[in-house]
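Each remark here refers to the structure printed beneath this line.
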2 protein chains.
Amino acid sequence: MAFIVKKIINGNEYYYLNENKREGTKVKTKTLAYLGKTKKQAEEKMKQFLKDRSDKDKMVEEENKIEVKELKAEQKQITIEELANFCKSKGFIYPSSEIYGGVAGLYDYGSKGVLLKKNVEAEWLNYFLNLSDNFFQIETSEIMPEKVFIASGHLKNFTDVAAKCKKGHIERADHLLEKNLNKRFEGLTDNELFEIISKNKINCSICGSPIIYVGPINMMFPIELGVGNTTRAFFRPETAQSPYVNFKIEYDVNRNKLPLGLALVGRAYRNELSPRNLLLRQRAFNQAELQIFFNPSKINEHHEFDEIKDYKLQVVLADKRDADAELILCSKLLERVPKFYVYYMAKVQKFYLDVLKIPKNLFRFYELDDKEKAFYNKYHFDMEIKLPDLGWVEMGGVHYRTDHDLKAHQEMSKQNLLVFDEESKEKFIPHVLELSFGLDRIVQMLITLSYCYDKEKNTIVLNLPAKLSPIKVAIFPIIKGKEYENISQNIFNELKEEWNVVYDKSGSIGRRYARNDDIGTPFCITIDEQSLKDKTVTIRDRNTTKQTRVGCKNLKNILRNLIDGKIYFDSLK
Amino acid sequence: MAFIVKKIINGNEYYYLNENKREGTKVKTKTLAYLGKTKKQAEEKMKQFLKDRSDKDKMVEEENKIEVKELKAEQKQITIEELANFCKSKGFIYPSSEIYGGVAGLYDYGSKGVLLKKNVEAEWLNYFLNLSDNFFQIETSEIMPEKVFIASGHLKNFTDVAAKCKKGHIERADHLLEKNLNKRFEGLTDNELFEIISKNKINCSICGSPIIYVGPINMMFPIELGVGNTTRAFFRPETAQSPYVNFKIEYDVNRNKLPLGLALVGRAYRNELSPRNLLLRQRAFNQAELQIFFNPSKINEHHEFDEIKDYKLQVVLADKRDADAELILCSKLLERVPKFYVYYMAKVQKFYLDVLKIPKNLFRFYELDDKEKAFYNKYHFDMEIKLPDLGWVEMGGVHYRTDHDLKAHQEMSKQNLLVFDEESKEKFIPHVLELSFGLDRIVQMLITLSYCYDKEKNTIVLNLPAKLSPIKVAIFPIIKGKEYENISQNIFNELKEEWNVVYDKSGSIGRRYARNDDIGTPFCITIDEQSLKDKTVTIRDRNTTKQTRVGCKNLKNILRNLIDGKIYFDSLK
């Protein structure tokens, strides 16, 4: 139940709306909203707040209802350790160079994981490159010369704030604080961090001795090219710089049109002090980023805005941190953020909800305030996903970087990066809107959220969207004999032209189902006695374990429609 | 005309078959074959040789005839410089960080190049992973700890032999020699190289001063992970090690079957002393490798060998270097190389000829002799392609690496890498057959060999195989007006579901064709007056510039068949 609280600060009255909530064995009080300076105001605002909240709850409930899938197994919350073990045993992800004990922060994609990752990558490219005919992919060197990072500011500013203990152990200061105080720490100075550490008497988490120093350490990996007269360079700490550096070449190649989008899916490298949480904080990781170059005088335009104007974004605004995510209409968010920006926020949210099929209540945009965001980002909303064991996790961001990047590279390189707009007769440096995604994070999120447990059979079922599953179809002859294997092989050969499929003739049928359920194979085909007689086979649906019989002739078409989500399994009956 | 030559060495007679050949303005004498020690023997052998050669010529002629395509433009030989300019202007490949002057040996794929590269990668994976149900892709960290490279021998042996001049310039000793003496230098010791340099009075190619030192320099990029207590690691110089290191995990995940294939497409890094020839020798490059782990006692078996036994391999044997490539039947090559190896040689050659569509006479296997190949490679044939301006260029290799790798990693890691064969009850370390491909090299080769010039129109036509072309179809409304654009947009939207296609409504039709010819778009669609009346459009074939009219309804199907090479354009009439 919510209630009003009055606080008196420096003699002034302030009213707040609080609520008690049970969390485990404790009851915690949470501030829901600031209600103003008079009691009357407070009562009105409370009414409005509670009405909005109830409306919102209804909307969320309504919208989640549509998404509910008939799932036989139950979603199971797992810890990072359980996840790591599962991922290794199934060939999704495992520590790199593991026979040598592994290396902190380095992981490999195994034979199943690489398929999942490639599917995510393909869906991302397909979705974002299709937003405009003037969006293109490029693929660039991970090694870039020092000047790039002087211009970008990375050489000076791309530092982690390290906390060093008396015995020399080094750890990220903000991680140390988060671990001890259970709160996010961003945008604080070194001194502020040191102060909080001291005040809370936080010691080294490795040896327990006191922290004696807090200061910056550059996170880039330096490299010397050549021998003798070497060239200093760095492995890039983000994929972002090369689209800026290559902007003019691609602008010319693609006939001088704006907005121009350059998408880059690739590796970036950071010397993380404390890599952790599997793929969430690695030293080498995959990003998928779209850099959109546009005319800044057109920031309040987007020719397809009407298409999304009534779409609701799930947002935590910087000044309403204590509340849950609000549902804000795109047309409404224009009061705060320009049209060009809001349009792409909508497209980003749709990617998570419609393509990756993330449950609505687990996604939100999280607005960063001026202190938290980089000085060159005029608008900055992170995408966050709620994961069991970890809470809300940053998955990427939408950043309006203004002309910061191209201007810096123009100055440093002495190359002219201005463009001329034929239509408006303007000459300017394009501004950049960046859509940034952690590709590995998406993979980990997908496995975590689709991890289900079938009590009855004591097996794991990975409830991945069919389009993303590593293997699309498994084919089982369930009776021994050449003729059954022949039909099965023919089906296998036909289907493998289009998808990754497996053929499995050994073990009980139950074991064969289980082997495929736990890597997320959405459909299994069995070839049985009746198949010989009437050229039909059964399709089994992973989520419901229901089976239905279809003709071999239509099999590929039916599967294609099932995988693409164009028909439901139940409609096959 | 061929003639017999007698040489007397240490009092013994040796007979050789020589031939005079005009090369440019000079006539050169070339030794074709060794004919034995007596005149009679020599005459017989000569007869046989000439008969074989004539048979072979006929075969090559016959086989090339099938491949001849009706090409309106003529193939044009270009230099590396012309190629570099062309690749940049069309958005295929350009120097990385070019606004900063670029970095030697680092290149970026532009918006057209990345599509070509991804198509090659997809075809490679599709072809090689389909060779067995037990072949899988993995994707691994480029950073590996020092111990991996102690075990693999890279730390000690992965060196370039550098020649250092009086003024301190450093260059690869073998490149310096090749440049000056026009010959391949492999497998020589540092001292031997120094001796040849001295004897031929070869000086520094940068400043002209004498070479004073020849010795090894390690080519790997070192890296320190963490801060304080750091972990020493290296950026991998080849993709090969992680499949060995990960072998046991994947063997277990994939249910303990041999042969097991692990394919890896990824980046590798080498601190090349003299990067050159565009993508042929870079400091960061893409490899595509398939590591096949197998039971060594089964090296003389392959269950599908019969399928290729009558297939002819194009080979230069180590002891017949002076002759052109021979055509050797797979069944015949068994006298020299085991079945398992020959089977994969055939598959590799078919990949170049049938998938990449390389003209037969430009491909050969080049056998390395004991001095040239690594000591652990029991058999080693390079794949070579003949490029204008460069001659025969190494594109990859087939390497029988025995148990060298797994044994070394077992010893260093103290992990048991033995497997047990249920069938034969044997316990052993699997042997490795490696199929190694330079992915960037293939891209450069494809652009080079498909570069054609249309004299009549003074335009470039890139005669790429349709399957590999960056853009598959271009769509042009050739009459202005909403209704023409509507049909065109509908076709565009339909086709882009399946391929990368472009829509282009500006400029003369000739310019639109030219823009697409020079990036290799195989088919252009025009929408004209008649399209409105009878729902037909024209398809234009890039190579012949012929056009034909087809119904909109069948368009997608027809294009699919054309792109997949299932029908010929001429059959559409």
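Residues to consider are A:Ile478, A:Ile487; find the one that is open to solvent by 60 Å² or more (accessible area, probe 1.4 Å), aliphatic (A, V, I, L, M) and away from chain B (no Cβ under 12 Å).
Of the residues listed, the single one that is open to solvent by 60 Å² or more (accessible area, probe 1.4 Å), aliphatic (A, V, I, L, M) and away from chain B (no Cβ under 12 Å) is A:Ile478.
Pick out the one residue from A:Asp534, A:Asp570, A:Asp517 that is open to solvent by less than 50 Å² (accessible area, probe 1.4 Å) and of a type in the set (Asp, Glu).
On inspection, the qualifying residue turns out to be A:Asp517.
Checking A:Asp174 against (1) modelled with pLDDT of 90 or more; (2) surrounded by 18 or more Cβ atoms within 10 Å (Cβ to Cβ); (3) more than 30 Å from A:Leu260 (Cβ to Cβ): exactly one of these is not met. Which one?
(1)
Is it the case that the stretch A:121-136 has a residue that's more than 7 Å from every other protein chain (Cβ to nearest Cβ), part of a strand (DSSP E or B) and in contact with a Leu (Cβ under 7 Å, 6 or more places away or on another chain)? If you could, list the steps in order and put the result at the bottom.
Step one: filter the stretch A:121-136 for residues more than 7 Å from every other protein chain (Cβ to nearest Cβ), giving A:121-132, A:134-135.
Among the residues that remain, those that are also part of a strand (DSSP E or B) are: A:135.
Within this subset, residues satisfying the condition of being in contact with a Leu (Cβ under 7 Å, 6 or more places away or on another chain) are A:135.
Yes, the conditions are met somewhere in the stretch A:121-136.
Do the conditions hold for B:Leu390, that is, is it within 14 Å of chain A (Cβ to nearest Cβ), of a type outside the set (D, E, K, R) and in contact with a helix residue (DSSP H, G or I) (Cβ under 8 Å, 6 or more places away or on another chain)?
On the way: within 14 Å of chain A (Cβ to nearest Cβ): no; of a type outside the set (D, E, K, R): yes; in contact with a helix residue (DSSP H, G or I) (Cβ under 8 Å, 6 or more places away or on another chain): yes.
Judged against the criteria, B:Leu390 is not a match.
Answer yes if at least one residue in the stretch A:104-113 is within 7 Å of chain B (Cβ to nearest Cβ) and surrounded by fewer than 20 Cβ atoms within 10 Å (Cβ to Cβ), and no otherwise.
Checking the stretch A:104-113: not a single residue is within 7 Å of chain B (Cβ to nearest Cβ) and surrounded by fewer than 20 Cβ atoms within 10 Å (Cβ to Cβ).
Could you tell me which residue of the stretch A:257-314 is nearest to the other protein chains (Cβ to nearest Cβ), considering only residues that are touching a residue at least 40 places away in the same chain (Cβ under 8 Å) and of a type in the set (Phe, Trp, Tyr)?
Among those that are touching a residue at least 40 places away in the same chain (Cβ under 8 Å) and of a type in the set (Phe, Trp, Tyr), it is A:Tyr269.
Taking the stretch B:449-466 as the region of interest, how many residues are open to solvent by 10 Å² or more (accessible area, probe 1.4 Å) and in contact with a helix residue (DSSP H, G or I) (Cβ under 6 Å, 6 or more places away or on another chain)?
The total comes to 2.
Across the stretch A:241-252, which residue is farthest from A:Val148 (Cα to Cα) among those that are at the interface with chain B (Cβ under 10 Å from one of its Cβ atoms) and open to solvent by 10 Å² or more (accessible area, probe 1.4 Å)?
A:Asp252
Can you tell me which of A:Leu439, A:Leu418, A:Leu406 is out of contact with any Gly (no Cβ under 6 Å at 6 or more places or on another chain), farther than 30 Å from A:Ser508 by Cβ, open to solvent by 20 Å² or more (accessible area, probe 1.4 Å) and within 14 Å of chain B (Cβ to nearest Cβ)?
Of A:Leu439, A:Leu418, A:Leu406, the one residue that is out of contact with any Gly (no Cβ under 6 Å at 6 or more places or on another chain), farther than 30 Å from A:Ser508 by Cβ, open to solvent by 20 Å² or more (accessible area, probe 1.4 Å) and within 14 Å of chain B (Cβ to nearest Cβ) is A:Leu418.
I'd like to verify a number: residues in the stretch A:520-539 that are within 17 Å of A:Lys457 (Cα to Cα) and in contact with a Gly (Cβ under 8 Å, 6 or more places away or on another chain), how many?
Summing the residues that are within 17 Å of A:Lys457 (Cα to Cα) and in contact with a Gly (Cβ under 8 Å, 6 or more places away or on another chain) in the stretch A:520-539 gives 0.
Among the numbered criteria (1) among the hydrophobic types (A, V, I, L, M, F, W, C); (2) over 30 Å from B:Pro259 (Cα atoms); (3) surrounded by fewer than 18 Cβ atoms within 10 Å (Cβ to Cβ), which one does B:Phe221 miss?
So B:Phe221 meets the others, but not (3).
With the structure loaded, tell me whether B:Lys65 is modelled with pLDDT under 85 and under 24 Å from the mean Cα position of the chain (by Cα) or whether it fails that test.
Against the criterion (modelled with pLDDT under 85 and under 24 Å from the mean Cα position of the chain (by Cα)), B:Lys65 qualifies.
Name the residue, out of B:Tyr366, B:Tyr400, B:Tyr343, B:Tyr379, that is aromatic (Phe, Trp, Tyr), surrounded by 18 or more Cβ atoms within 10 Å (Cβ to Cβ), touching a residue at least 40 places away in the same chain (Cβ under 8 Å) and over 28 Å from B:His303 (Cβ atoms).
Details: B:Tyr400 fails: over 28 Å from B:His303 (Cβ atoms); B:Tyr343 fails: over 28 Å from B:His303 (Cβ atoms); B:Tyr379 fails: over 28 Å from B:His303 (Cβ atoms).
Result of the check over B:Tyr366, B:Tyr400, B:Tyr343, B:Tyr379: B:Tyr366.
What do you reckon, is B:Leu329 surrounded by fewer than 20 Cβ atoms within 10 Å (Cβ to Cβ), in contact with an Asp or Glu (Cβ under 8 Å, 6 or more places away or on another chain) and of a type outside the set (D, E, K, R)? It would help to see each step written out before you state the result.
Numbers: surrounded by fewer than 20 Cβ atoms within 10 Å (Cβ to Cβ): yes; in contact with an Asp or Glu (Cβ under 8 Å, 6 or more places away or on another chain): yes; of a type outside the set (D, E, K, R): yes.
Here the answer is yes, as B:Leu329 does meet what is asked.
Among (1) part of a strand (DSSP E or B); (2) charged (D, E, K, R); (3) touching a Gly at 6+ places or on another chain (Cβ under 7 Å), where does A:Glu289 come up short?
Exception for A:Glu289: condition (3).
Name every residue in the stretch B:497-514 that is in contact with a Lys or Arg (Cβ under 9 Å, 6 or more places away or on another chain) and part of a helix (DSSP H, G or I), in order of residue number.
B:Gly510, B:Arg512, B:Tyr513, B:Ala514
Please go through the stretch A:494-508 and pick out each residue that is open to solvent by 70 Å² or more (accessible area, probe 1.4 Å) and under 21 Å from A:Glu529 (Cα atoms).
Those that are open to solvent by 70 Å² or more (accessible area, probe 1.4 Å) and under 21 Å from A:Glu529 (Cα atoms): A:Glu494, A:Lys505.
Mind telling me which of the residues B:Arg276, B:Arg281, B:Arg255, B:Arg232 ends up being closer than 20 Å to B:Glu139 by Cα, out of contact with any Phe, Trp or Tyr (no Cβ under 9 Å at 6 or more places or on another chain) and open to solvent by 20 Å² or more (accessible area, probe 1.4 Å)?
B:Arg255
Does A:Ala151 satisfy the condition of being part of a strand (DSSP E or B) and either open to solvent by less than 50 Å² (accessible area, probe 1.4 Å) or more than 10 Å from chain B (Cβ to nearest Cβ) (or both)?
Here the answer is no, as A:Ala151 does not meet what is asked.
May I ask you to say which residue of A:Val348, A:Val355 is farther than 18 Å from A:Ser152 by Cα, among the hydrophobic types (A, V, I, L, M, F, W, C) and either modelled with pLDDT under 95 or open to solvent by 10 Å² or more (accessible area, probe 1.4 Å) (or both)?
A:Val355
Within the stretch B:1-15, how many residues are among the polar types (S, T, N, Q) and either at pLDDT 85 or above or not in a strand (DSSP E or B) (or both)?
Going through the stretch B:1-15 one residue at a time, the tally reaches 1.
So the check is Cβ under 9 Å with 6+ separation or different chains; which pairs have a first residue in the stretch A:89-102 that's more than 7 Å from chain B (Cβ to nearest Cβ) and a second one that's part of a helix (DSSP H, G or I) and among the polar types (S, T, N, Q)?
Close Cβ pairs satisfying both conditions: A:Ile93/A:Gln444; A:Gly101/B:Ser413.
As an exercise: evaluate B:Leu334 against (1) in contact with a Leu (Cβ under 8 Å, 6 or more places away or on another chain); (2) open to solvent by 20 Å² or more (accessible area, probe 1.4 Å) and give the number of the one condition it does not meet.
(1)
The values are calculated or read from the model by the stated rules, or taken from the named source; none is laboratory data. Since we're looking at a predicted model, the values are computed, not measured. Virtual Cβ from ideal backbone geometry, glycine too; neighbours counted across all protein chains shown. To get the accessible areas, we keep the full protein, side chains included, count just its heavy atoms, and leave off ligands, DNA and RNA. Shrake-Rupley method; radii C 1.70, N 1.55, O 1.52, S 1.80 Å.
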